[in-house]
Amino acid sequence: MKTITLLFAVMFSNPLYADEVYEVLLDSMVDKNFVTVERLKQDELQAFCSKPRSEKVDEARAAELREAALEGVPSPPGGNYLGDWQRGEKVAINGKGLQYSDDPNAANGGNCYACHQLDPAEAAYGTLGPSLSGYGARGQSAAMLKYTWTKLWNTHAYNVCSHMPRFGAADILTPQQLQDVMAFLFDPTSPVNRSQP
Amino acid sequence: MNNRFIKIIFAIVIGLWSATLLSQGEGIFDEYRDMLGDDNPAIFVIFDGEEIWYAPAGPKSASLEQCDLGLGPGVVEGAYAQLPRYFADVDRVQDIEARLEHCMIQLQGLAPDEVSAKPYSLRGDLGTQLEALVAWIADQSSGLAIAPGQAHAQEKSAYALGETLFYYRAGTHDFSCATCHEQAGRRIRLQALPNLTTHEGAAAAYSTWPAYRISQGIVRTMGWRMRDCMRQQRMPELTMGSEASVALQTYLAVNGAGASMTAPGLKR
């Protein structure tokens, strides 16, 4: 009985096509520089979220994944949510990191502007995510800081199939870089919080 | 002045011009396109492609004239628009790149490794033979409706696989094709992103590749576009003509079916 339950659980979390698709990708791709085919393997969350937006999700499973994501979020080093906004701005602008064409020894960027408006004076911003201009005015409470830190660390703690990368949980940015990005968002003197030009 | 010299001058002028353009956003590219009108620098590459098709090459010193792109040996006109499709001789679905690779190996006797060593240009290159051939062959379908094969079971499963791959999230950033291409009216930085799950979006994208990339000064193929999207998704390198590459192109071609081919297009 236990085996059957387990088998069921495995079948449910991994759609039957997943292994087949993984095999096709393994046959179709090769290691390049420091990027290996190891990256093609999906974790549970990636497998769960590989569906069209319009498709209904299994809410119970979504809640489990959300819970697991939330549990894995650490407190910021030293309990400080806010670093240096000027360093954070550089992280937000930098679109490089972890592509096989990038320098693996250079610090990764957050590429925030690819999807979000931040400094209202910067015209080259993407619209895949919401505008974050004036983010600091949304509040500076402990709850707001914790919410934002969690969102940056692992967005799936709130929105399971969000398209934002897991900047902390996936080791894309360091805790220090995340503290700096936090300051870029919250600091009243940061360009994010200047008035529209 | 030979053809190559003209091309180098052209590449330098376009290169300098595009460096200025790149700093000014998307609107300026539209102006540039309007200014060129029907003139596309890809014309030089198209001429090259035609020459390469008819030139004897490889250990067998044969041209590609007997290559069957789906409409019979040597029929190039209209061939691109009905790809990807199932080919009985290899018992699989192929795109233009996989098919050309097959012909080079079979007809010209080239070694598989030799053919697939460097299908696409690196930045700063003046173009590869494959890029030139694809530019010419696509141009021979200009104005014709996109009509990929969907009658054979393997063609249908290539589409289904392509759709699944489109939504497949993996890698350090959890990206899939859908991350950027599942919604209309969005952009990344200043670059507009087509919704490739709709007919309009897929048609607009598929009909304009291969394309002359102004910022790179060369013609890029749809296979290259697939590979580079995978690079941007933080995935490893997608192999030219591979099952995944062909399946993704099948997904786009079928979604865009019925629209007219306008390739080689002109892109940022």
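FYI, it's all coordinate maths here, none of it is from the lab. From a predicted model like this one, the values you see are computed outputs, not experimental measurements. Please note: Cβ atoms are built from the backbone with ideal geometry, for glycine as well, and neighbour counts cover all protein chains shown.
If I model region B:143-268 as equal point scatterers sitting on the Cα atoms and use the Debye formula, what is log10 I(q)/I(0) at q = 0.09, 0.10, 0.20 Å⁻¹?
Ignoring solvent entirely, the Cα scatterers give -0.24, -0.29, -1.29.
Let me confirm one metric for peptide A:90-99, namely the mean number of other chain beta-carbon atoms within 10 Å of its residues' beta-carbons.
Average per residue, whole number: 2.
Which of B:Tyr54, B:Tyr206 comes first, and how do the rest follow, when ranked by fewest Cβ neighbours within 10 Å? Don't skip to the end; give the middle numbers.
On the way: B:Tyr54 9, B:Tyr206 25.
Starting with the residue having the fewest Cβ neighbours, the order is B:Tyr54, B:Tyr206.
Given H placed 1.01 Å from N in the peptide plane, which residues other than close sequence neighbours of B:Ile218 have an amide H under 5 Å from its amide H?
Amide H to amide H, under 5 Å and 5 or more residues apart or across chains, B:Ile218 pairs with B:Arg213.
Give me the net charge for the shell around B:Leu83: Cβ to Cβ below 11 angstrom, other residues only, Lys and Arg +1, Asp and Glu -1.
With Lys, Arg at +1 and Asp, Glu at -1, the net is -1.
In whole Å, what are the extents of chain B along the principal axes defined by its C-alpha atoms, from largest to smallest?
Here the spans come out as 51, 50, 35 Å, largest first.
Could you work out the helix-only [θ] at 222 nm for the protein assembly as shown, with each DSSP H run of four or more residues adding -39,500 (n - 2.57) and the total divided by the number of residues, to the nearest 500 deg cm²/dmol?
-13000 deg cm²/dmol
Using a 10 Å cut-off on Cβ to Cβ distances, tally the other chain neighbours for every residue of A:121-131 and report the average as a whole number. Show your work: numbers first, answer last.
On the way: counts 0, 1, 3, 8, 4, 8, 8, 8, 1, 0, 0.
Counting Cβ atoms of other protein chains within 10 Å of each residue's Cβ and averaging gives 4.
Taking the DSSP beta bridges in the protein assembly as shown as the whole, what percent of them are antiparallel, to the nearest 5?
Numbers: 16 of 19 bridges.
The answer is about 85 percent antiparallel.
How would you rank B:195-201, B:114-120, highest first, on the average number of other Cβ atoms within 10 Å across their residues?
B:195-201, B:114-120
In chain B, which whole DSSP H runs stretch at least 24 Å along their own axis (Cα) and average 1.0 or higher on the Kyte-Doolittle scale? If you can, show how the numbers build up before the last one.
Working: long enough: B:3-22 (27 Å, 1.63).
Answer set is B:3-22.
So, counting K/R as plus one and D/E as minus one, what does the shell of residues with Cβ under 11 Å around B:Ala211 add up to?
Every neighbour counted, the sum reads +4.
Taking the beta-carbon count within 10 Å as an exposure proxy, list B:Leu190, A:Leu178 from fewest neighbours to most.
Details: B:Leu190 16, A:Leu178 24.
Going from sparsest to densest Cβ surroundings: B:Leu190, A:Leu178.
Angle, helix A:142-153 long axis vs. longest principal axis of chain A, Cα atoms, 0 to 90°, nearest 10?
Long axis of A:142-153 versus the principal axis of chain A: about 50 degrees.
If each residue's Cβ is checked for other Cβ atoms within 10 Å, how do A:Val30, B:Val254, B:Val219, A:Val24 rank with the fewest at the top?
Ordered from fewest to most neighbouring Cβ atoms within 10 Å, A:Val30, B:Val254, B:Val219, A:Val24 come out as A:Val30, A:Val24, B:Val254, B:Val219.
Between their Cα atoms, which of A:Lys41/A:Lys96; A:Lys96/B:Lys267; A:Lys96/B:Lys156; A:Lys32/A:Lys146 are more than 26 Å away from each other?
Cα-Cα > 26 Å for A:Lys96/B:Lys156; A:Lys32/A:Lys146; rest within.
Shielding of B:242-255 by partners, i.e. mean partner chain Cβ atoms within 10 Å per residue?
Mean number of neighbouring Cβ atoms from other chains: 2.
Calculate the dipole size of the protein assembly as shown relative to its Cα centre from +1 charges on Lys and Arg beta carbons and -1 charges on Asp and Glu beta carbons; express the result in debye to the nearest 20.
1140
List the residues whose amide H sits under 5 Å from the amide H of B:Asp68, counting only those 5 or more places along or on another chain, with H placed 1.01 Å from N in the peptide plane.
Excluding prolines and chain starts, which carry no amide H, the hits are B:Gly74.
Looking at A:Ala121, A:Gly83, A:Trp149, which one has the Cα that reaches farthest to the positive end of the dipole of region A:77-193 (charges on Cβ: Lys, Arg +1; Asp, Glu -1)?
A:Trp149
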